[in-house]
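Inspection log for the structure reproduced underneath, given as structure tokens.
What follows is calculated from the coordinates using simple rules that are stated; it is not laboratory data. All figures in this text were calculated on a predicted structure; none of them were measured in a lab. Positions of Cβ are generated from backbone atoms using ideal geometry, with glycine treated the same way; all protein chains shown enter the neighbour counts.
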Amino acid sequence: MYKIIFLLLFPFIGISQNFKVLKDTTSLKQKIELMSKSTISIESDFVQEKNLSMLSEKIISKGHFVFKKENLLRWEYVSPSKYLIIINKDKVMIKDEKKTTKYDMNSNKVFKEINDIMLSCVQGTIFKSNKFKTSYFENEKGYKLELIPLSKNMKETFKKINLYFDKNVTSVSKMEMVETSEDVTTLDFINKKINAPVSEAIFIVK
């Protein structure tokens, strides 16, 4: 159950290349803190690529996501099928082409934990979480935060979650999730807009 919900609400990932251990992490942490504090909204298209051990072909999906402080998130797939997730503070709505389902975050501990992880990943502040052991890496293009789950439920499902930043640390540029089965999903953000005006009407849970 935990895995199914997390995969529905958190379908992120990326590919790491030639990263080395970052010895001085203080500067990077300060940059991420500054980025998080100064970021009011993020809007971006995305291309998601899933590599499943049971399938030889990759699964490609495309969509759009919008984040706005505090705790507003809209994650929408547009192809090959339509799928929408809206988080509005303590309310969650999941809508596919057949039905709409609503959840109350306060009555579901699993959803609440996933929501906290999702939002902290989007904002880049997840390195503060006590649910993960964080290691820091860099290459000539940017930085990578490798998050190893510590909680039992997470460890049973996920091997690690990675966050990628460019050298300027303007936002999370890529996210990576590797399951214990070694299934990997790659998600690339394109056409990003930082702190552009965003109407709260798009986060209404109807």
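Working note: Cα gyration tensor of the chain, eigenvalues times five, square-rooted, sorted largest first, giving semi-axes of 25, 20, 18 Å. Note on Thr101, Thr157: ascending count of other Cβ atoms within 10 Å places them as Thr101, Thr157, the fewest first.
Among Leu34, Leu73, the ranking by other beta carbons within 10 Å of each residue's beta carbon, starting with the fewest, stands as Leu34, Leu73. Name the most mobile residue of Lys152, Lys29, Lys144, meaning the one with the largest mean-square fluctuation, in a Gaussian network model of the chain with Cα contacts below 10 Å. Result: Lys152 has the largest fluctuation of those listed. Once C-alpha pairs closer than 8 Å and six or more residues apart are averaged by separation and normalised to the residue number of the chain, the relative contact order reads 28 percent. Helix-only arithmetic for the chain: the sum of -39500 (n - 2.57) across DSSP H runs with n ≥ 4, divided by the residue total, places the mean residue ellipticity at 222 nm at -6000 deg cm²/dmol. May I ask for the distance between the Cα centers of the stretch 132-206 and the stretch 39-114, given as a whole number of Å? Using only Cα atoms, the two centres lie 14 Å from each other. Residues Glu156, Glu146, Glu33, Glu57, ranked from the fewest to the most other C-beta atoms within 10 Å, line up as Glu57, Glu156, Glu33, Glu146.
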